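None of the figures in this text is laboratory data; all of them are computed from the coordinates on show. What you see is a predicted model; the values in this text were computed from it and never measured. Here the Cβ is made from the backbone with ideal geometry for all residues, glycine too, and neighbour counts use every protein chain on show.
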Amino acid sequence: MVVGYCVGEISLSELTFISDKMPQVGEYVIVEYDGKKVLGMVESLVRGNDALNIDLHDVEAIQTIARIGGKDYYIKGKVKLLGDVNDNLRLPRTPALPGTPIKLADKEILNEVFKVKNPIKLGTLVNQSDIEVNVEANPVLNRHLAILAMTGAGKSNTVAVLIDQLLGYNVPVFVFDMHGEYRDAIFPNGDVNVIQPKINPKYMTFYEIKRLVSIPNSAVIQERFFRQAFNKAQKIISEGTSHTTDFLQLIVDVLYNQVEYDDDGNISTKTDKRMIDVINKVEDSMDKYSNLFDSNKGNILTSIKLGHANVLDLSQTDESVAEVLVSHIMRNSLQRRKNAVHGSSDKTLDHPVFYVIEEAHILAPNKRDSQSKHWIQRVAREGRKFGLGLCLVSQSPKTVDHDALSQMNNMIILRLVEPEDQRHVQSASESLSKDLIDQLPSLNVGEAIVLGLMTKVPTLVKIDEFKGRRTGGDLDIIGELAGFDKKQDDELERQKQEMDDLGCYDY
């Protein structure tokens, strides 16, 4: 079906058309010329009437023209050209002629476009529910992915659909679960393996723990005292002679053993004040981090199971602990995958892993340095060479680190209204045009723009509804409060019945 005709100057990458019919933004069209069959996507539409132009200011004239010739309007649109369907979607070297008709792409062509070797089914076309949208799995796994949306736009459902599809390929997915959404989830294609947020300190570097207790690089003497205590504490743990599994407490004990006391039992002035400063810093950190360490736990990476959603439950930890865990796991993963690939050490991670980082704006913030951000950036830059994939998930794209976001070669973008969010995402993605950005506020819940190396063409997708079970989402506050009153009434009735059964009566 012809939906319009090319007009004006036509380039190799886009064209303008005029129509008397109303196509839909996101629909695919075909432009045939010079033996080519070029696929395009409608990216923008406007409707106008030459008689009712913007320079007309007479209200009565407007009413008259609208009554007499109100249907005499035109439709103008812009099409992004995607490539010749007969030449593996390569862009042609010559543009179409003005006047060339534009036709809707038929189902057979679109099915061929979305046919991939290792499909991940995300959903269907927004404008054609009978066309399945499949993306290629390998580019998702090794070229990284960002899932971005405002709150309530369908982000969590999209993540769950993606995880379930990857489990079907036996992929070990590792989720940094900030809100406990996935620990009790049920995935049709695999099981959940819940991992507790604990680290054995013997697998941590000196610099990781030094950062926890806030000893700056400039404090050379403090660092020396702390290094001596750190090394001795690790030796005690490795020998199995520790009286405690609290690593920070063990470091404090080691430091206190070096403190000198006077005859009254007070700390002697002979004791270096900088050692006392170190003790104070470690003790200040104990309340914050004591639950992080477990000297009986193995390396977290050995807990990862193939074909499982490996969920690190961070819902009961604060952001500082989450940052420590993320940086520790990212650092170890990268080093151990390098060891596995190069054979340089027996400390290896023997299989690829796909990491899903929820609340990426917290763990990889745009305007604040953190260890978790540093190692997320490292994995984003180097991970694809060693089988480590990343998925950054956020409802606040503008506060996600730009460098990390720009390494995400695939994006699923649901509804975004905030202009700064839109600009930040566009600056991080080469394939996101201004016209597509303009569509983001008008997307409905569950609708997304999908683009990147995982798909042959940018696509407007209605994401499938997740068929399993997960927690999260908005609470039914009214229902919960109503239920609370009923629980109280039921409890009073139960107590009254108990009294009656015991023969206790009021007279």
Amide H within-cut-off set for HIS308, under 5 Å, with H built and near neighbours excluded: VAL173
Phi to ³J(HN,Hα) by Karplus 6.51 cos²θ - 1.76 cosθ + 1.60 over region 203-215, Hz, x for Gly, Pro: 9, 9, 7, 4, 5, 5, 6, 4, 5, 4, 9, 6, 9
Cα-projected label distance for ASN257 with ARG227, points at 7 Å along beta-carbon direction, nm: 2.0 nm
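If you place +1 on the Cβ of every Lys and Arg and -1 on the Cβ of every Asp and Glu, how big does the dipole about the Cα centre of the chain come out, in debye to the nearest 20? Can you show the working numbers first?
Values: 59 positive and 73 negative charges, 534 e Å.
Computed about the Cα centre, the dipole is about 2560 debye.
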Relative contact order (percent, whole number), region 2-112, Cα cutoff 8 Å, 6+ residue spacing: 41 percent
Trypsin sites (Lys or Arg not before Pro) within region 1-75: DSSP coil, no more than 12 neighbouring Cβ in 10 Å: LYS21, LYS71
In Hz, Karplus ³J(HN,Hα) per residue of region 25-33 (6.51, -1.76, 1.60; θ = phi - 60°; x = Gly, Pro): 4, x, 6, 9, 10, 10, 10, 9, 6
Förster radius 22 Å - calculated FRET efficiency between SER11 and VAL46 (Cβ-Cβ, nearest 0.05): 0.70
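Quick check on region 303-357: what does the Kirkwood estimate of hydrodynamic radius come out to from the alpha carbon pairs, in Å? Mind showing how you got there, number by number?
Details: mean 1/r = 0.0798 Å⁻¹.
Final number for the Kirkwood radius of region 303-357 is 12.5 Å.
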Simple label model, 7 Å out from Cα along Cβ direction - ASN170 to LYS235, nm: 4.6 nm
Approximate spin-label separation LYS270-SER320, in nm, with each point projected 7 Å along Cα-to-Cβ: 3.5 nm
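Which order do VAL220, VAL445 fall in if you start with the one that has the fewest other Cβ atoms within 10 Å?
By the 10 Å Cβ count, ascending, the order reads VAL220, VAL445.
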Gain upon complete extension [HIS374, LYS434; 0.36 nm per residue less C-alpha separation]: 18.6 nm
For region 14-22, 3J(HN,Hα) per residue [Karplus equation, 6.51 cos²θ - 1.76 cosθ + 1.60, θ = phi - 60°, Hz, x = Gly/Pro]: 7, 8, 10, 9, 10, 8, 9, 10, 10
Long-range HN-HN contacts of VAL7 with modeled amide H, under 5 Å: THR16, PHE17, ILE18, GLY99
Under-5 Å amide H pairs with ASN49, H placed in peptide plane, nonlocal only: TYR74
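Suppose only helical runs count, i.e. DSSP H with n ≥ 4. What mean residue ellipticity at 222 nm does that imply for the chain under -39500 (n - 2.57) per run, divided by all residues and rounded to the nearest 500 deg cm²/dmol?
Values: 15 runs with 178 residues, N = 507.
When only DSSP H runs of four or more count, the value is -11000 deg cm²/dmol.
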Positive dipole terminus of region 44-139, leading residue within ALA61, LEU122, ASN138 (C-beta point charges): ASN138
Extension gain, VAL116 back to ILE186 (0.36 nm per residue minus Cα-Cα distance, nm): 22.5 nm
Relative contact order computed over region 202-292 (Cα-Cα under 8 Å; 6+ residues apart), in percent: 33 percent
Reduced Cα scattering model of the chain, Debye log10 I(q)/I(0), q = 0.09 Å⁻¹: -0.78
